[in-house]
1. Which residue pairs have Cβ atoms under 6 Å apart, sit 6 or more places apart or on different chains, and have a first residue in the stretch 391-407 that is in the same structural domain as H73 (by TED's automatic domain parsing) and a second that is loosely packed, with under 14 Cβ neighbours inside 10 Å and modelled with pLDDT under 85?
2. Quick one: is V323 within 21 Å of D41 (Cα to Cα), in contact with a helix residue (DSSP H, G or I) (Cβ under 7 Å, 6 or more places away or on another chain) and touching a residue at least 24 places away in the same chain (Cβ under 8 Å)?
3. (1) modelled with pLDDT of 95 or more; (2) closer than 30 Å to H73 by Cβ: which one isn't true of I111, the others all being true?
4. Taking the stretch 476-490 only, how many residues are part of a strand (DSSP E or B) and in contact with a Lys or Arg (Cβ under 7 Å, 6 or more places away or on another chain)?
5. In the stretch 493-502, is there at least one residue being outside any strand (DSSP E or B), under 30 Å from E207 (Cα atoms) and in contact with a helix residue (DSSP H, G or I) (Cβ under 6 Å, 6 or more places away or on another chain)?
6. Picking from G448, G468, which residue would you name as being of a type outside the set (A, V, I, L, M, F, W, C), out of contact with any helix residue (DSSP H, G or I) (no Cβ under 6 Å at 6 or more places or on another chain), under 25 Å from K543 (Cα atoms) and free of Cβ contacts under 8 Å to residues at least 24 places away in the same chain?
7. Does the stretch 340-358 contain at least one residue that is assigned to a strand (DSSP E or B) and either more than 22 Å from the chain's Cα centre (by Cα) or under 18 Å from G116 (Cα atoms) (or both)?
8. Determine if the stretch 540-549 includes at least one residue that is surrounded by fewer than 12 Cβ atoms within 10 Å (Cβ to Cβ), within 23 Å of E466 (Cβ to Cβ) and not basic (K, R).
Amino acid sequence: MSPSIVRALAVMCLAGCVVAGQQNPQVPPAFRSAVTLVPVDVRVVDRDGRAVTDLKQEDFTLLENGVPQQIRHFSLQVLTPQVPTSATAPLTVAGSQRDTLSPQDRRLFLIVFGRGRLQEPSKGMDAVARFVREQILPQDQVAVFAYDRATRFTADHEMIGQVIERFRQLHPGIEALLVQQFAGLAAVYGSNRMPAAVRKEIDRIFEAPGALGSRQVVSNEPADAGSLRKDARTAADQRLQAMVLEEQAKLGATPTLHTELEQVQNQQFSDLPFDEFVAANAGTMQDLGKIYSGIEYLRHFDGEKHLVYISERGLMFLRTDDVDRLSRAANDARVVIDNIQTGGVLGGFRAYDLRFLSTSTGGQASISEYSRKGFDRVDGMTRAGYLLGYYPLKPIGDGRYREIRVKVNRRGVTAFFRHGYYAVPAPPPFERRAFLTDSRVMSAALYGGTLADIAVKAEVTEVNSERGPGKDVIVRATIDASRVLFAPSEDKQRGFLDVVVFFANTRKVVLGEKWQQIDLNLSEASYARVLKEGIPYTVRVPKQPGVRVVKIIVYDYQADLLGSAEATLK
């Protein structure tokens, strides 16, 4: 087990996870250097929004924190349609800064459906379905992330189109249920967990017969999620205060009362009714979890990536710092945020924040217009671009955020690019399976609930030790084999599972763990039996003082699916 997991599992009740992809990468020709290169993807368009592709290296000026940098790598990339194969998978790399810059032959689009109704009036669902089925290149990789489920990345655009169609049909009903769940004070002070009844409807989007493989996603929360919730509660209290003051003013105002009321009404979003405010905040927190999850997953794919966020009314940020933090996280991961807003005319802070997130990460924002226009810009602008690379004059390692600016020496053109990165040394190259397994298991362990992509049942008992005085803990589990990926091997069916058991006290503080890899090499008869009865798993360990709770996590790397269960000692 990696040290990073041991450190992260001091407490198991926090949230964090990412969406999934699962194909073997093919590495294209690469440009190498002995020093870390910072890549900057630049798209340049003219006044009509058409890509400009005749620029030379000398036409660009690149600055870091206002200081000009020498461009050490320069290339033009123009994407053309290719026949997709299993080799056109996303590439994993060791961080956002590296000593290798690789040309791209495809685009990655993670489509994130936000809360709200996304069809009218801007025809948002029509536009995204057209984008996936008709506009993008055959080799482009696409995944869909909605509510708490996500597909894997695939070049099978028709399969993604079917998911989009099911979302179009079912999401208005799901939204109606969620509006009831996350309303009033419960939206501010209650749980943000997805109700079981709603999850069943969500699963209908992703688990139709013959559907593209998907998995339950535990949304990452921003690092300052606690502060965001505190801000929301403070703002909600202010709105309640305003309601009281308004009623008092009707009965007979005093100069002091008028001053207090004016101060409260001057707060950001004070024009929103209380119920609308708390519902918008709940939706923002849920959508932010998906966006941060998408950014962290896309971070480990090579090249520039696009997170297309489709929402009815955008995000409601209470502080400017929150917008900056999200923008910087995306820039550091080399992720472009394209915003498609579908709910009609939008102004004020929300419109400004959506535009800022797009422009500061090199993306496009479609606000208060038909969504088709926004997708046209995203597709047209990303088919051609320039890849610039430079060695920072100031060595990387201080961990600070560094601003990037790109200037183009030509009138009438606009450049789009990521506006910065964190100067953290690139980690050493990692082995994909070990890295992904660690990441998935850590996410599942930190999640307060259970994951059911692979169903797991568990029970834990305490018995006398066989080795002398003391007690042992026996964990017995049954793992559903129906979604475990088996492959024929001679006359056997073979699969692999990572099983991790965490032992914790009543406060969910981890006191110990057991990590095992299971090689399932089954005869046809055994394979048929486990499909019917499940895969048995038992582990016995000496009991440590204070252990009362056991959490078992099962991960299938080949299928990229997780399952978990908790059991408590009586």
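1. Partner pairs satisfying both residue conditions: Y391/V35; I396/P425; G397/P425.
2. The answer is no for V323.
3. It is condition (2) that I111 fails.
4. Qualifying residue count, the stretch 476-490: 3.
5. Within the stretch 493-502, not a single residue is outside any strand (DSSP E or B), under 30 Å from E207 (Cα atoms) and in contact with a helix residue (DSSP H, G or I) (Cβ under 6 Å, 6 or more places away or on another chain).
6. G468
7. The answer is yes; a qualifying residue exists.
8. Among the residues of the stretch 540-549, at least one is surrounded by fewer than 12 Cβ atoms within 10 Å (Cβ to Cβ), within 23 Å of E466 (Cβ to Cβ) and not basic (K, R), which makes the answer yes.
The values are calculated or read from the model by the stated rules, or taken from the named source; none is laboratory data. A quick note: this is a predicted structure, and the numbers were derived from the prediction, not measured. A quick note on method: Cβ atoms are made from the backbone with ideal geometry, for glycine too, and the neighbour counts reach across all protein chains shown.
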